[in-house]
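Chemist: Quick one: structure below, then a few questions.
The values are calculated or read from the model by the stated rules, or taken from the named source; none is laboratory data. On a predicted model such as this, the values are computed, not experimentally measured, just so you know. Using ideal geometry, Cβ is built from the backbone for each residue, glycine included, and neighbour counts are taken over all protein chains shown.
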Amino acid sequence: MFDKLRSSFSGLVKTVKERSLTAKEVDEMLWNFQISMMESDVAQEVAEELSNEIRPYLLDESVKRTSDPTVMVRQKMSEALNRIFTQAASIDLFSGIEAKKKMKEPYVILFLGINGTGKTTTVAKFAFLLKSRGLSVVMACSDTHRPGAIEQLTQHAKNVSVRAIAQQYGSDPAAVARDAILYAKSHNIDVVLIDTAGRMQTSHNLMEEISKIVKVSNPDLKLFVGDALAWNDSVSQAKEFLKFTDFDGAILTKVDADSKGGAALSITHATKKPILFLGVGQQYEDLEPFSPDKVISMVFN
Ligand SMILES: Nc1nc2c(ncn2[C@@H]2O[C@H](COP(=O)(O)OP(=O)(O)OP(=O)(O)O)[C@@H](O)[C@H]2O)c(=O)[nH]1
Ligand SMILES: [Mg+2]
């Protein structure tokens, strides 16, 4: 995780350490830094923003004379990274659930995104996590399109011992979501997890469909599930989904298989929505709360 991003930053810090630099050298060095960040899936705007942030300090004579300018570079860079992450308000999932519990209402979470990013697996991981916190859960099989989707979610539901509400293939996904919410209300269930079919942002019908699911289920939380490995596409997809669904936050999956690490920065910068969790494997327990501080310390250590 984050290996490549870490090496971009340590490369920059190392060059600063060696000697003071002329303006031309600073430009060259920042150019290389930008390229290496982009190779780590950091979006171009973010790479430029980070370079602009650091340029004045690299040119500042008084900074060059300090005994260890790398301390300043690290500090400025971690401030800049932190600023990107805090542009997105944080979401306290468990307080939200508790608040709905007090109102005797289920907390409804809708998972959405393009095909194959890990939505269904993430629904199962969420069920596992919530159950381990003593909360009750029901799943809605609102992917009524892809062959095998209902069986896939139903099997996960069995594995983690929760109920999954399903209808036939081809039925209205919004109606399935409504059924699951009614079930939760009548059985005093704390959280409803709605799995949806993967959809390309270019498919107008499917995007209309997700709007209908949102209207009918009125979710407390809409989560975009994005795949860290397919990141070049995922950032533009996230932006398009945001226009359509105004999702509240994101889950970044397959981070275990992604050595680059720039995806997290890029999606937060592009959407201004927080990442809540990282998917770090295929087991139910492989869901880690996302923490900007942890990412920053991983990048600098
Ligand atoms: N390594 C790794 N694999 C993951 C992770 N999350 C999901 N996967 C795998 O990704 C594949 C697709 O996962 P699904 O959960 O079916 O994805 P989906 O978004 O529901 O797919 P569609 O419903 O077809 O759009 C499966 O093989 C999962 O095991 C993760 O965090 N790490
Ligand atoms: Mg699925």
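Chemist: In region 194-217, which residues are away from ligand 1 (no atom under 14 Å from the Cβ), in contact with a strand residue (DSSP E or B) (Cβ under 9 Å, 6 or more places away or on another chain) and among the hydrophobic types (A, V, I, L, M, F, W, C)?
Modeler: Applying the first criterion (away from ligand 1 (no atom under 14 Å from the Cβ)) to region 194-217 yields 202, 204-205, 207-208, 211-217.
Next cut, in contact with a strand residue (DSSP E or B) (Cβ under 9 Å, 6 or more places away or on another chain) only: 213-214, 217.
Ile213, Val214 - these are the residues of region 194-217 that are away from ligand 1 (no atom under 14 Å from the Cβ), in contact with a strand residue (DSSP E or B) (Cβ under 9 Å, 6 or more places away or on another chain) and among the hydrophobic types (A, V, I, L, M, F, W, C).
Chemist: Determine whether region 201-211 contains at least one residue that is more than 21 Å from Asp286 (Cα to Cα) and at pLDDT below 85. Step through it out loud before you land on a result.
Modeler: Keep residues of region 201-211 that are more than 21 Å from Asp286 (Cα to Cα), which gives 201-211.
Within this subset, residues satisfying the condition of being at pLDDT below 85 are 201-202.
Taking every residue of region 201-211 in turn, at least one turns out to be more than 21 Å from Asp286 (Cα to Cα) and at pLDDT below 85.
Chemist: Can you tell which of Asn188, Asn218 is at pLDDT 95 or above, more than 16 Å from ligand 2 (Cβ to nearest atom) and under 27 Å from Lys243 (Cβ atoms)?
Modeler: Numbers: Asn188 fails: under 27 Å from Lys243 (Cβ atoms).
From the options Asn188, Asn218, the qualifying one is Asn218.
Chemist: How many of the residues making up region 163-192 are within 16 Å of ligand 1 (Cβ to nearest atom) and under 25 Å from the mean Cα position of the chain (by Cα)?
Modeler: Number of matching residues: 3.
Chemist: Here is a further query. Could you grab me the full set of residues in region 1-60 that are free of Cβ contacts under 8 Å to residues at least 40 places away in the same chain, small (Gly, Ala, Ser) and touching a helix residue (DSSP H, G or I) at 6+ places or on another chain (Cβ under 7 Å)?
Modeler: Ser8, Gly11, Ala23, Ser36, Ala47, Ser51
Chemist: I've got another one for you. Are there any pairs, at least 6 apart or on different chains, whose C-beta atoms fall under 9 Å, with the first in region 191-209 and more than 16 Å from Gly118 (Cα to Cα) and among the β-branched types (Val, Ile, Thr) and the second within 12 Å of ligand 2 (Cβ to nearest atom) and in a helix (DSSP H, G or I), and if so, which?
Modeler: Once the first residue is more than 16 Å from Gly118 (Cα to Cα) and among the β-branched types (Val, Ile, Thr) and sits in region 191-209, no partner that is within 12 Å of ligand 2 (Cβ to nearest atom) and in a helix (DSSP H, G or I) comes close enough.
Chemist: Residue by residue through region 246-286, note down the ones that are within 16 Å of ligand 2 (Cβ to nearest atom) and under 15 Å from the mean Cα position of the chain (by Cα).
Modeler: The first filter runs over region 246-286 and keeps only residues within 16 Å of ligand 2 (Cβ to nearest atom), leaving 251, 253-254, 279, 282, 284.
Of everything in region 246-286, those that are within 16 Å of ligand 2 (Cβ to nearest atom) and under 15 Å from the mean Cα position of the chain (by Cα) turn out to be Ile251, Thr253, Lys254, Gly279.
Chemist: Now for a different question. Taking the condition of being buried (at least 20 other Cβ atoms within 10 Å of the Cβ) and of a type in the set (Lys, Arg), how many residues in region 96-147 meet it?
Modeler: Result for region 96-147: 2.
Chemist: Being part of a helix (DSSP H, G or I) and either crowded, with 18+ Cβ neighbours inside 10 Å or assigned by TED's automatic domain parsing to the domain that holds Lys260 (or both) narrows it down to one of Val192, Val214, Val225, so name that one.
Modeler: Val214
Chemist: The conditions are (1) among the polar types (S, T, N, Q); (2) closer than 24 Å to Ala127 by Cα; (3) out of contact with any Ser or Thr (no Cβ under 8 Å at 6 or more places or on another chain); (4) surrounded by fewer than 16 Cβ atoms within 10 Å (Cβ to Cβ), and Ser203 fails exactly one of them. Which is it?
Modeler: Going through the list (1) among the polar types (S, T, N, Q); (2) closer than 24 Å to Ala127 by Cα; (3) out of contact with any Ser or Thr (no Cβ under 8 Å at 6 or more places or on another chain); (4) surrounded by fewer than 16 Cβ atoms within 10 Å (Cβ to Cβ), Ser203 breaks only (2).
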